[in-house]
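To keep things clear, I will list the structure first and then write my remarks on it.
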Amino acid sequence: MDKQTVSDPTSRYNPREAEPRWQKAWADRKLFETLVDEATTRPNYYVLEMFPYPSGRIHMGHVRNYAMGDVVARYKRAKGYDVLHPMGWDAFGMPAENAAMQNKTHPKGWTYDNIDAMRKQLKSMGLSLDWSREFATCDVEYYAQQQKLFLDFLKHGLVYRKNAKVNWDPVDMTVLANEQVIDGKGWRSGAEVEQRELTQWFFKISDFSEELLDAIDTLDEWPAKVKLMQANWIGKSRGLQMKFHLTTSAAGFDHFEIFTTRPDTLAGASFMAIAPEHPLAIALAKNDPELAKFGKEVRKTGTSAEELETADKQGYDTGLKVLHPLDKTKTLPVYVANFILMDYGTGAVFGCPAHDQRDHDFASKYGLPIIATFIPNDCEDDPDTFVSGEPYVPLKSETVKWINQPAGVSVASGQEAIDATIDWAEQNGLGDGIVQFRLRDWGISRQRYWGCPIPVVHCEDCGVVPEKEENLPVELPDDVTFDIPGNPLDRHATWRDVPCPACGKPAKRETDTMDTFVDSSWYFARFITPHEKNPTIAEQANRWLPVDQYIGGIEHAILHLLYSRFFARAMSIAGHMDIKEPFKGLFTQGMVVHETYGNKDMGWLQPAELIIEEKDGARSAKRIDTGEEVPIGGIEKMSKSKRNTVDPDDIMQTYGADTARWFMLSDSPPERDVEWTDAGAEGAHRFVQRVWRLVQTWLEKSASATLPENSGGKALEIRKASHKTLKAVGEDLEKLAFNRAIARIYEHCNTLSAVKPGQADDGVSSAMKEGIFFLVQCIAPMMPHLAEECWHALGQTSLVSEQAWPEFDPALATDSMIMLPVQVNGKKRTDLEVQIDASVEQIEAATLNLDVVKKILNGSKPKKVIVVPKRIVNVVV
RNA sequence: GCGGGCAUGGCGGAACUGGUAGACGCAAGGGACUUAAAAUCCCUCGGCUGUAAAGCUGUCCGGGUUCGAGUCCCGGUGCCCGCACCA
């Protein structure tokens with residue numbers, strides 16, 4: 001055989017050479033650019049991965065996320081859809097400002113440099129993205145549209161201003177997010193953080209609480225977990241709002257209102273507690289310096305989970321009393337207490353120590369009575385002594401009895417008691433059954449430079465005035481510095497000082513910018529018409545939205561997704577589209593994890609700094625530079641702090657993008673974490689070369705082979721395997737079960753590899769040709785470069801990326817004869833080969849005729865024979 | 001505290017609505033080719049008994065339902081996640 005004319009099956013596929021070549025071929029043909037405004041007869045499909053923050057380098061998590069999205073995009077394209085698959089950059093945010101402070105760079109330059117670097121990396125992954133739609137949220141063209149949306153929302157009453165507490169760092173003169181406050185101190189300055197009240201902008205997401213909650217039921221392509229998290233976050237609870245009357249008026253109050261979800265425990269009330277910010281507490285504090293001091297102290301304690309856990313229940317007795325609503329001869333003391341939140345309910349509660357842990361803690365500390373309203377059915381003890389230990393919190397249990405209920409009210413137990421008390425309170429004019437939501441309005445003001453400016457002007461005469469639309473965009477000034485603490489916009493006089501849009505007098509711009517979550521709440525809509533002079537074109541948005549498949553991390557399960565759901569509604573109200581749910585299908589992928597090396601004391605080492613050896617089953621890690629042995633730690637999420645990262649660039653240089661993509665998809669179910677191992681990556685690369693070798697091996701035979709026709713024997717066997725694979729892979733890809741699809745492809749490749757070309761007759765050659773074509777098309781969504789290279793080698797002049805997904809032949813994808821397992825008393829004894837459509841009677845007769853069965857029966861009759869067609873036979877003796 | 005999830009070989013994981021447990025991959029062991037290595041190919045691979053044929057046992061633990069349970073029900077253990085002074 002002449003080696004010049006026939007490919008050498010031992011030659012290796014070179015991804016470094018081939019991958020850029022195919023990327024260029026796709027780009028040259030604009031294969032992935034979608035014409036959204038061109039109505040075709042083909043159905044459309046919008047697949048989107050959560051866009052990245054331009055930190056500077058992509059990480060393996062990105063590779064996994066985008067590999068998944070790309071498989072969906074490429075598969076759907078092959079299935080005949082017009083696919084929209086865009087990419088952009090979530091580019092505003094604090095890291096750019098931090099970098100500016102540290103490195104004396106400008107946030108803008110830093111961000112765009114990072115985008116350039118990451119775009120290059122993403123392009124080397126060979127993703128089928130429509131790059132003509134790319135934008136960054138820090139592009140003026142983007143945030144100009146966002147400012148329009150803000151003004152529209154303002155017009156429709158979806159935005160308002162109110163005072164709100166913020167964490168204020170007095171040294172950096174900046175507002176801190178909760179997670180930037182560590183032990184009550186600023187993460188950067190270390191200064192004691194103060195609680196400050198600032199007037200800030202809010203989106204009225206709470207107007208949509210009920211709707212956002214109810215509509216969760218319609219999201220049937222979302223993970224149940226995410227839906228539950230959202231429902232909990234919105235936090236609907238029904239309860240009683242009710243008045244408690246003071247025995248004597250004080251500071252202008254003769255009563256105040258409380259909210260409770262447990263009105264059934266009303267009889268157990270032993271004290272009242274109000275928040276330090278409650279209007280009554282504030283009014284009383286004016287003439288009570290002790291109380292004022294108490295309020296100030298309380299404000300100092302942090303809001304982190306740990307602090308709250310350890311924080312003592314503290315109260316200040318106001319000396320006031322209220323009348324007990326069930327027993328007018330009794331009064332209850334009124335405390336100001338540190339564990340009452342002003343922004344939930346009414347900021348006031350009655351305390352029932354018998355049935356609530358916090359109230360119990362509080363009552364124990366201040367020596368208040370503990371009175372039960374529920375006791376177990378079988379409890380014969382005195383109810384007063386019953387609850388002296390731990391609070392007892394029955395609700396839905398049927399094993400409790402209700403005691404001390406309001407006069408004339410009687411029910412069995414549980415929820416009924418709550419409803420009955422609410423009815424009773426309503427009938428007696430004491431209160432109302434109401435619904436409370438946990439969801440608060442969304443504060444979007446950030447005292448930062450690197451964000452979308454809020455387009456309003458503050459005028460001494462006119463107040464807050466929206467900027468005129470023709471004056472948009474309110475562009476961020478470039479000439480700012482970060483050497484002085486605080487927001488540079490505050491001290492940028494030429495930018496800040498502008499005439500009032502209403503009266504023309506000197507006024508000042510709002511210097512706050514928007515929360516970056518605003519930027520990411522509508523980018524999916526902008527991708528449809530990214531260059532328009534309006535935020536959207538409603539007609540096109542309606543045609544392409546909702547996003548058919550959205551893929552990203554679980555960390556965005558609540559805020560980003562909830563804000564986006566709100567934005568879709570708000571944008572619908574403002575006429576920008578008519579879609580309420582932005583994401584039809586949601587998939588949350590697992591993390592990429594890796595072993596760690598080192599520990600807290602010696603520090604952490606990167607995998608690339610070590611040699612990992614395995615001897616007698618024991619693994620050890622040694623430093624390359626010093627030879628020192630380093631302990632191998634747990635498997636954790638890849639992170640800079642643990643230094644257990646693997647750079648996608650290195651992997652793509654060594655093995656190619658296809659290998660990285662394949663490995664990220666193959667090893668674990670996509671929703672679960674996947675561990676990066678070098679051995680796993682090598683295994684994936686071995687498969688790349690195996691496919692290539694298989695194609696090379698059959699080049700000559702398949703070139704002359706015709707299309708497979710009706711055949712038998714070996715050829716039929718191969719064809720059946722091919723069509724079964726095609727069917728299974730298609731089904732798995734529809735379900736995003738990438739790991740299972742890959743297992744099927746491995747199986748198929750094993751089947752094909754077992755056939756040796758030397759013995760192949762014409763029938764087998766053509767069956768192999770079909771099998772190899774199917775194989776190449778099946779791998780194409782995951783390993784598009786290798787697929788193109790094989791496709792080309794097989795003599796195709798077209799690109800595999802523009803091929804339709806092959807159809808399987810149902811007749812070949814199913815067997816006519818099947819092996820039924822035969823059990824005796826539920827234990828497998830043998831197999832029985834039958835026609836797939838054999839009747840129950842036929843199968844039963846054949847089973848009883850089997851030697852194994854006959855031997856066990858030994859002439860006697862079986863008690864029962866269970867035949868499940870196509871599944872199993874079970875003989876019960 | 002409240003809410004949710006998961007548990008299968010040495011490892012990652014398959015097993016559709018109850019129907020052959022361990023597909024596929026990784027690791028490991030043995031062998032072939034090679035001067036040698038890499039690459040590749042072949043074999044073994046849950047545990048126990050057995051030369052073998054075969055048999056027993058086995059999906060976190062204890063019960064139950066069923067002809068049949070990894071899958072369903074009850075009780076427990078362990079791990080993971082979300083929310084959290086939300087009244």
### Message
I need the helices (runs of 4 or more DSSP H) fully contained in region A:640-702, keeping only those with at least 3 residues that are at pLDDT 95 or above and over 20 Å from residue A:49 (Cβ atoms).
### Response
A:678-697
### Query
If you scan region A:732-764, which residues turn out to be farther than 15 Å from residue A:666 by Cβ, within 10 Å of RNA strand B (Cβ to nearest atom) and under 25 Å from the mean Cα position of the chain (by Cα)?
A:735
### Task
For residue A:48, work out the one condition from (1) aliphatic (A, V, I, L, M); (2) outside any loop (DSSP other than H, G, I, E, B); (3) over 17 Å from residue A:523 (Cα atoms); (4) touching a residue at least 40 places away in the same chain (Cβ under 8 Å) it doesn't fulfil.
(3)
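Out of A:736, A:694, report the one residue that is aliphatic (A, V, I, L, M) and on the phi > 0 side of the Ramachandran plot. If you could, list the steps in order and put the result at the bottom.
Working: A:694 fails: on the phi > 0 side of the Ramachandran plot.
Only one candidate qualifies: A:736.
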### Summary
Restricting region A:790-802 to residues that are assigned to a loop (DSSP other than H, G, I, E, B) and not small (Gly, Ala, Ser), the one most open to solvent (accessible area, probe 1.4 Å) turns out to be A:797
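Looking at region A:806-877, what helices (runs of 4 or more DSSP H) fall wholly within it and have at least 1 residues that are within 13 Å of RNA strand B (Cβ to nearest atom)? So that I can check it myself, show each step before the final result.
Values: elements: A:810-813, A:840-848, A:851-857.
Correct list: A:840-848, A:851-857.
Restricting attention to region A:416-442, which residues are free of Cβ contacts under 8 Å to residues at least 60 places away in the same chain and open to solvent by 40 Å² or more (accessible area, probe 1.4 Å)?
The first filter runs over region A:416-442 and keeps only residues free of Cβ contacts under 8 Å to residues at least 60 places away in the same chain, leaving A:416, A:419, A:423-424, A:426-429.
Correct list: A:416, A:419, A:423, A:426, A:427, A:428, A:429.
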### Task
Among the residues of region A:449-471, count how many are part of a loop (DSSP other than H, G, I, E, B) and surrounded by fewer than 18 Cβ atoms within 10 Å (Cβ to Cβ).
4
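In this structure, is residue A:805 aromatic (Phe, Trp, Tyr), in contact with a helix residue (DSSP H, G or I) (Cβ under 6 Å, 6 or more places away or on another chain) and either open to solvent by 60 Å² or more (accessible area, probe 1.4 Å) or free of Cβ contacts under 8 Å to residues at least 40 places away in the same chain (or both)? I'd like the intermediate steps shown before the answer.
Details: aromatic (Phe, Trp, Tyr): yes; in contact with a helix residue (DSSP H, G or I) (Cβ under 6 Å, 6 or more places away or on another chain): yes; either open to solvent by 60 Å² or more (accessible area, probe 1.4 Å) or free of Cβ contacts under 8 Å to residues at least 40 places away in the same chain (or both): no.
Against the criterion (aromatic (Phe, Trp, Tyr), in contact with a helix residue (DSSP H, G or I) (Cβ under 6 Å, 6 or more places away or on another chain) and either open to solvent by 60 Å² or more (accessible area, probe 1.4 Å) or free of Cβ contacts under 8 Å to residues at least 40 places away in the same chain (or both)), residue A:805 does not qualify.
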### Message
For region A:637-648, give me each residue that is of a type outside the set (Lys, Arg) and surrounded by fewer than 15 Cβ atoms within 10 Å (Cβ to Cβ).
### Response
A:641
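Listed here are the residues, each with its yes/no results for (1) more than 14 Å from RNA strand B (Cβ to nearest atom); (2) small (Gly, Ala, Ser); (3) surrounded by 16 or more Cβ atoms within 10 Å (Cβ to Cβ); (4) modelled with pLDDT of 90 or more.
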{"residue": "A:337", "(1), (2), (3), (4)": "no, yes, yes, yes"}
{"residue": "A:347", "(1), (2), (3), (4)": "no, yes, yes, yes"}
{"residue": "A:355", "(1), (2), (3), (4)": "no, no, yes, no"}
{"residue": "A:358", "(1), (2), (3), (4)": "no, no, yes, no"}
{"residue": "A:370", "(1), (2), (3), (4)": "yes, no, yes, no"}
{"residue": "A:376", "(1), (2), (3), (4)": "yes, no, no, no"}
### Query
Within region A:301-329, restricting attention to residues that are at pLDDT 90 or above and of a type in the set (D, E, K, R), which residue is surrounded by the most Cβ atoms within 10 Å (Cβ to Cβ)?
A:321
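For region A:268-301, name all the residues that are under 44 Å from the mean Cα position of the chain (by Cα) and small (Gly, Ala, Ser).
The first filter runs over region A:268-301 and keeps only residues under 44 Å from the mean Cα position of the chain (by Cα), leaving A:268-282, A:292-301.
Once the filter is applied, which keeps residues that are under 44 Å from the mean Cα position of the chain (by Cα) and small (Gly, Ala, Ser), region A:268-301 yields A:268, A:269, A:270, A:273, A:275, A:281, A:292, A:295.
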### Query
Just wondering, is there one or more residues in region A:311-319 that are in contact (Cβ under 8 Å) with a residue 40 or more places away in the chain and of a type in the set (A, V, I, L, M, F, W, C)?
no
### Summary
Of the residues in region A:819-834, those that are open to solvent by 100 Å² or more (accessible area, probe 1.4 Å) and either over 14 Å from residue A:870 (Cβ atoms) or aliphatic (A, V, I, L, M) (or both) come to A:819, A:827, A:828, A:829
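Considering every residue within region A:853-860, establish whether at least one is polar (S, T, N, Q), modelled with pLDDT of 85 or more and on the phi < 0 side of the Ramachandran plot. Break it down stepwise before answering.
Within region A:853-860, the subset polar (S, T, N, Q) is A:858, A:860.
Remaining after also requiring modelled with pLDDT of 85 or more: none.
There is no residue in region A:853-860 that is polar (S, T, N, Q), modelled with pLDDT of 85 or more and on the phi < 0 side of the Ramachandran plot.
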### Query
Of the residues that sit in region A:697-719 and are over 21 Å from residue A:747 (Cβ atoms) and surrounded by 15 or more Cβ atoms within 10 Å (Cβ to Cβ), which one is nearest to the chain's Cα centre (by Cα)?
A:699
### Query
What single numbered condition from (1) touching a His at 6+ places or on another chain (Cβ under 7 Å); (2) open to solvent by 10 Å² or more (accessible area, probe 1.4 Å); (3) more than 16 Å from RNA strand B (Cβ to nearest atom) fails to hold for residue A:520?
(2)
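For region A:550-566, enumerate the residues that are open to solvent by less than 20 Å² (accessible area, probe 1.4 Å) and in contact (Cβ under 8 Å) with a residue 60 or more places away in the chain.
Of all residues in region A:550-566, those open to solvent by less than 20 Å² (accessible area, probe 1.4 Å) come to A:550-553, A:557, A:560-562, A:564-566.
Hits for region A:550-566 are A:550, A:551, A:552, A:553, A:557, A:560, A:561, A:562, A:565, A:566.
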### Task
May I ask you to say which residue of A:239, A:235 is over 30 Å from residue A:554 (Cβ atoms), touching a residue at least 40 places away in the same chain (Cβ under 8 Å) and either open to solvent by less than 20 Å² (accessible area, probe 1.4 Å) or more than 7 Å from RNA strand B (Cβ to nearest atom) (or both)?
A:239
### Query
Restricting to region A:87-128, what's the tally of residues that are open to solvent by 10 Å² or more (accessible area, probe 1.4 Å), part of a loop (DSSP other than H, G, I, E, B) and under 24 Å from residue A:21 (Cβ atoms)?
1
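For region A:618-633, indicate whether the set of residues that are open to solvent by less than 80 Å² (accessible area, probe 1.4 Å) and under 23 Å from residue A:56 (Cα atoms) is non-empty. Walk me through how you get there before you give the answer.
The first filter runs over region A:618-633 and keeps only residues open to solvent by less than 80 Å² (accessible area, probe 1.4 Å), leaving A:618, A:620-623, A:627, A:630-633.
Right, trim to under 23 Å from residue A:56 (Cα atoms) and you get none.
Within region A:618-633 (the criterion being open to solvent by less than 80 Å² (accessible area, probe 1.4 Å) and under 23 Å from residue A:56 (Cα atoms)), the answer is no, since none of the residues qualifies.
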### Message
Suppose the filter is touching a strand residue (DSSP E or B) at 6+ places or on another chain (Cβ under 9 Å), over 30 Å from residue A:690 (Cα atoms), in contact (Cβ under 8 Å) with a residue 40 or more places away in the chain and among the charged types (D, E, K, R); does residue A:37 pass it?
### Response
no
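Restricting the search to region A:229-279, which residues are assigned to a strand (DSSP E or B) and over 21 Å from residue A:430 (Cα atoms)?
Of all residues in region A:229-279, those assigned to a strand (DSSP E or B) come to A:236-250, A:253-260, A:271-274.
The answer is A:236, and nothing else.
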### Query
Has region A:66-86 got any residue that is closer than 21 Å to residue A:542 by Cα and surrounded by fewer than 17 Cβ atoms within 10 Å (Cβ to Cβ)?
yes
### Task
Can you give me the number of residues within region A:674-693 that are more than 9 Å from RNA strand B (Cβ to nearest atom) and closer than 16 Å to residue A:750 by Cβ?
3
### Message
Can you pull out every residue in region A:578-589 that is open to solvent by less than 10 Å² (accessible area, probe 1.4 Å) and not in a strand (DSSP E or B)?
### Response
A:582
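The values are calculated or read from the model by the stated rules, or taken from the named source; none is laboratory data. Quick caveat, the model's predicted, so the values are computed rather than measured. All Cβ positions, even for glycine, are placed from backbone atoms using ideal geometry, and neighbour counts span all protein chains on display. Each accessible area value is taken on the protein alone, full model and side chains, heavy atoms only, with ligands, DNA and RNA left out. Shrake-Rupley method; radii C 1.70, N 1.55, O 1.52, S 1.80 Å.
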